[in-house]
Amino acid sequence: LAITGGEVSVARAAVATATARLAAGRARLDRLAVRAPRAATVVDLGITVGALASPEDPRLVVLADLSRLLVRIEVPESQARRIGPGAPALGWIRGDGAQPVDLAFERIEPRASTRRVVNVQPGERLDGRVLQILYRLAGPTVGMHPGFLLDVDIAADGAADAHATEPTAQDTP
């Protein structure tokens, strides 16, 4: 079979058209792909395949960096002045006092908030405010997961006084 110059030109044009369509399809697919802003683990998925996603819902997918777990400790307002920045602290998974974990001070939230954890002990006020202090799990975190309750002791004026709290992963932006 003899191929003419015109047939070669038509074939080259078809290849160029197919290449351009492929590049356009890849670009469209790239725009539709959902990506995390950085490496993270999905810790909460509030939507399923095929569900309608609303842009107003900020918690469709919650991502976290599990390599850096933080503990949010709620200290009653009556005790907050006894705890200064950098106060040493230890934590234990609730019910497992045999394996303490060192906690490294991160920061004190600048504003007091309404109490989240209520132990309902005799004489405890239910309308109290708390100061939230964040510590990082500095020791081995084997077996620790976001959402676990920890018992925490913070050295404050020679005494320890803190409420049980939950470790949370550092949220990714």
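Quick notes on this structure:
- Overall, the ratio between the Cα radius of gyration of region 1-104 and 2.2 N^0.38 Å, rounded to two decimals, is 2.25.
- Apportionment of accessible area to carbon and sulfur, region 1-98, percent (1.4 Å): 60
- Amide H to amide H, with H built 1.01 Å from N, L149 comes under 5 Å of R94, counting only residues 5 or more places away or on other chains.
- Rolling a 1.4 Å probe across all protein chains gives S54 an accessible area of roughly 40 Å².
The values are calculated or read from the model by the stated rules, or taken from the named source; none is laboratory data. Bear in mind the structure is a predicted one, so any value in this text is a computation, not a measurement. Note: areas computed on protein heavy atoms with side chains; ligands, DNA, RNA excluded. Shrake-Rupley method; radii C 1.70, N 1.55, O 1.52, S 1.80 Å.
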